[in-house]
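Worksheet: the structure to be examined is printed underneath.
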Amino acid sequence: MITLLQNFRKKIILLFLLLFCIYPFIYAQTISSTELLNNATDYDNKVITYEGEVIGDILKRGNYSWINIDDNNFTIGVWVETSLIKDITFTGNYKTEGDQIEVRGIFHKNCSQHGGDLDIHANEIRIIKKGRIRDFPLQIGKIKFIVILIIILFSQIMILVIKNFLKARLKKQ
Amino acid sequence: MVLKPQIIDLKIIGNYLGRTVIGLGMVMCIPLILALILGEINPAIDFVISLLITFILGIGLVGFCSIDREPRWMHGMIVVALSWLFAMFLGAIPLFLSGHYGSYLDSCFEAMSGFATTGLTLVQDLNHLSYAHNFWRHFIMFIGGQGIVIMALSFLISGSSGAFKMYIGEAREEKILPNVVSTAKVIWIVSLVYLILGSSILTIVGLFEGLPLKSAIFHGICIFMTAFDTGGFSPQSQNILYYHSFYYEIVTIMIMLLGAINFKLHYAILTGNRREIFKNIETVTLFFSIILIFIITSFGLKLNNQYPQVVSFFRKGFYQFISAHTGTGFATIYSEQFRSDWSTLALVGIIIAMSIGGSSCSTTGAIKTIRVGLIFKGLKQNIKRIILPESAVFSDKFHHIKDIILEDKHILSATLMVFLYFGLYFFGALVAMLFGYPFLESLFESTSAAANVGLSCGITKVTMPAVLKITYILQMWIGRLEFTSVFTLFGFILAAIKGK
Ligand SMILES: [Zn+2]
């Protein structure tokens, strides 16, 4: 019985050792924003990899900058040395699709440096896919609809003018 | 006996409704011009379509419902209630055409949330929405805050006595100047002065915090409009967290507080009566309410020690609290964090703050501080009656621009309103619970909708049940209009069915 228990204990220790060794790689695969938000306490102060589109504007604050990364669910702020992001050319807005980047850094649930923000302090940044100017094909259907609406509006105004004219004549008689 | 409405009643209502709709069509020109300036062709097309539909409806209503009679109280109330519904259906068209909404219902939800200055949102991929559509989201908050019908009427007709009835219907019971149209103009002038000042300050802060000039101006104007009109929309999906800026948060706190103050008080202060702010029953109640409820919320936050530092306590704890109390709905945390990080007590604090709101004749929704103040005064008077000898004669006063003698009718109407609002809050909570959401979260979201706040603890999502979306739309509508005009509309419909 005792040996069995010792055996068990050994196994546990071994398992922990193994976990400890591979620990830095556990979060090597990218973690989604949903996962990060829903399990913020578990990931707090850990090194994680996060991936998404750079959106909005790059907010330069001296040697560091804020970039906001959207992975289609949530957008998370990333605090990064300005020199690391000089290769980012596109940030996402209506007219452009921002660069898709991979961020590796420390995740904070309530960052003490940034007034409690949920953020990532990046150590490495890798551009996965360049952004582009979005193209907007002209929507012919909508233009046809506009023509129909203009016809309706004018005929309506005509009817009203005729109606008022007849009314005025009726009053005169 | 209930009187069945006549054709003439429908005509009067239709005529005024038509005028409001035309007014709405006119303001749609502003995002259209913006789209053309910025070269956003498809958004411009969306606004042309919406504009044409709005004008066809408006001109049709006015043209076929021509009348030469002044509206009665009933007509005014019904016009207001219907105008807000029409504004929702029409204001939702450009949003729906943008392709950023899952359904027309979602865009209606967004439009009502905008007009009623709530701030709950169902937009998808907001970060790629065009400037024109995004401006429209913020602009409808500004229009809704001022009052849709008043906005339309103050430009389309002058000096009609009918306007006053609609002014009351939009939950603005006090006139600043004897004439309603001039009151509406004062409200517009005050708002525009603040708009220029406030957006300039926000633009400068934005530039200072690293936004390029074009964005700084756009964000400055949009954030000012939704902060001052206590709405809560923001141009980016992260809401205020997007800016990562302490100064942006400080400035928005100040604008939110300005927005929670009665317009009559703004006018008094701007015309030189500075002491009014320290004497007025509304500001005094608001002050004590903020302190008391923030103490409750703070204890709640201390329970699980979420924000141990003073700065984060202020930027996360106090910010969401002020946003809740002024009925704005700006957030510097993710909705999910309310559920995961905030204790029950802290959430209850936020719910109480949301349920009270700011001043009457401001753009905040909810019960409003004057009613809370009056009920406390009434309670005090009743206790005095018991303690003092029966022969003692006393009269209490309260100060609201001038000294007013406290009468039972004041207390009665205040109590009735509080009762109605609580009913509305619980109604929405019950519906959400029917769909399996937990009690506290249901109450949080429902209060946020009915009190026109806009903070979310995660229930408001594209995937939530359609019935719940409709429930929140109703709550936002009824809550913004303070019941009377909506009840009149229901009564009118009932009379049309049952009357003789
Ligand atoms: Zn940080």
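The values are calculated or read from the model by the stated rules, or taken from the named source; none is laboratory data. All figures in this text were calculated on a predicted structure; none of them were measured in a lab. Cβ placement follows ideal geometry from the backbone for every residue including glycine, while neighbour counts extend to all protein chains displayed.
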> Quick one: is B:SER289 more than 20 Å from the chain's Cα centre (by Cα), more than 14 Å from every other protein chain (Cβ to nearest Cβ) and not hydrophobic (A, V, I, L, M, F, W, C)?
Replying inline: no
> Going by the conditions given, is B:THR297 buried (at least 24 other Cβ atoms within 10 Å of the Cβ) and over 28 Å from B:GLN146 (Cβ atoms)?
Replying inline: yes
> Going through the stretch A:120-135 one residue at a time, which ones are touching a helix residue (DSSP H, G or I) at 6+ places or on another chain (Cβ under 9 Å), of a type outside the set (A, V, I, L, M, F, W, C) and either within 9 Å of the ligand (Cβ to nearest atom) or farther than 16 Å from A:LEU84 by Cα (or both)?
Replying inline: A:ARG134
> Counting only residues that are under 16 Å from B:ILE322 (Cα atoms) and hydroxyl-bearing (Ser, Thr, Tyr), how many does the stretch B:439-472 have?
Replying inline: 3
>> Being crowded, with 20+ Cβ neighbours inside 10 Å, within 26 Å of B:ILE375 (Cα to Cα) and within 27 Å of the chain's Cα centre (by Cα): is that true of B:ILE277 here?
In response: no
>> I need the full set of residues from the stretch B:245-262 which are within 14 Å of another protein chain (Cβ to nearest Cβ) and without any contact (Cβ under 8 Å) to a residue 40 or more places away in the chain, in order please.
In response: B:ILE250
>> Just checking: which of the helices (runs of 4 or more DSSP H) contained wholly in the stretch B:304-356 hold 1 or more residues that are within 12 Å of another protein chain (Cβ to nearest Cβ) and either free of Cβ contacts under 8 Å to residues at least 60 places away in the same chain or of a type in the set (Asp, Glu) (or both)?
In response: B:335-341
> What number of residues within the stretch B:444-469 are more than 16 Å from B:GLU336 (Cβ to Cβ) and over 19 Å from the mean Cα position of the chain (by Cα)?
Replying inline: 4
>> Can you say whether A:ILE143 is buried (at least 21 other Cβ atoms within 10 Å of the Cβ) and either more than 8 Å from every other protein chain (Cβ to nearest Cβ) or over 30 Å from B:TYR307 (Cα atoms) (or both), as far as the supplied structure shows?
In response: no
> Do you know which residues across the stretch A:71-116 are crowded, with 21+ Cβ neighbours inside 10 Å, away from the ligand (no atom under 13 Å from the Cβ) and facing another protein chain (nearest Cβ under 10 Å)?
Replying inline: A:THR75, A:GLY92, A:ASN93, A:GLY98
>> If a residue must be in contact (Cβ under 8 Å) with a residue 60 or more places away in the chain and not β-branched (Val, Ile, Thr), how many such residues does the stretch B:1-24 contain?
In response: 10
> If you scan the stretch A:121-173, which residues turn out to be without any contact (Cβ under 8 Å) to a residue 40 or more places away in the chain and part of a loop (DSSP other than H, G, I, E, B)?
Replying inline: A:ASP135, A:PHE136, A:PRO137, A:LEU138, A:GLN139, A:GLN173
> Going through the stretch B:370-406 one residue at a time, which ones are charged (D, E, K, R) and over 23 Å from B:SER289 (Cβ atoms)?
Replying inline: B:ARG385, B:GLU390
> Within the stretch A:45-70, which residues are more than 30 Å from B:ALA216 (Cα to Cα) and either within 16 Å of the ligand (Cβ to nearest atom) or buried (at least 21 other Cβ atoms within 10 Å of the Cβ) (or both)?
Replying inline: A:ASN45, A:LYS46, A:VAL47, A:ILE48
> Quick check, is A:ASP42 away from the ligand (no atom under 16 Å from the Cβ), of a type in the set (Asp, Glu), at pLDDT 90 or above and surrounded by fewer than 18 Cβ atoms within 10 Å (Cβ to Cβ)?
Replying inline: yes
> Counting only residues that are surrounded by fewer than 22 Cβ atoms within 10 Å (Cβ to Cβ) and of a type outside the set (A, V, I, L, M, F, W, C), which one in the stretch B:472-500 is modelled with the lowest pLDDT?
Replying inline: B:LYS500
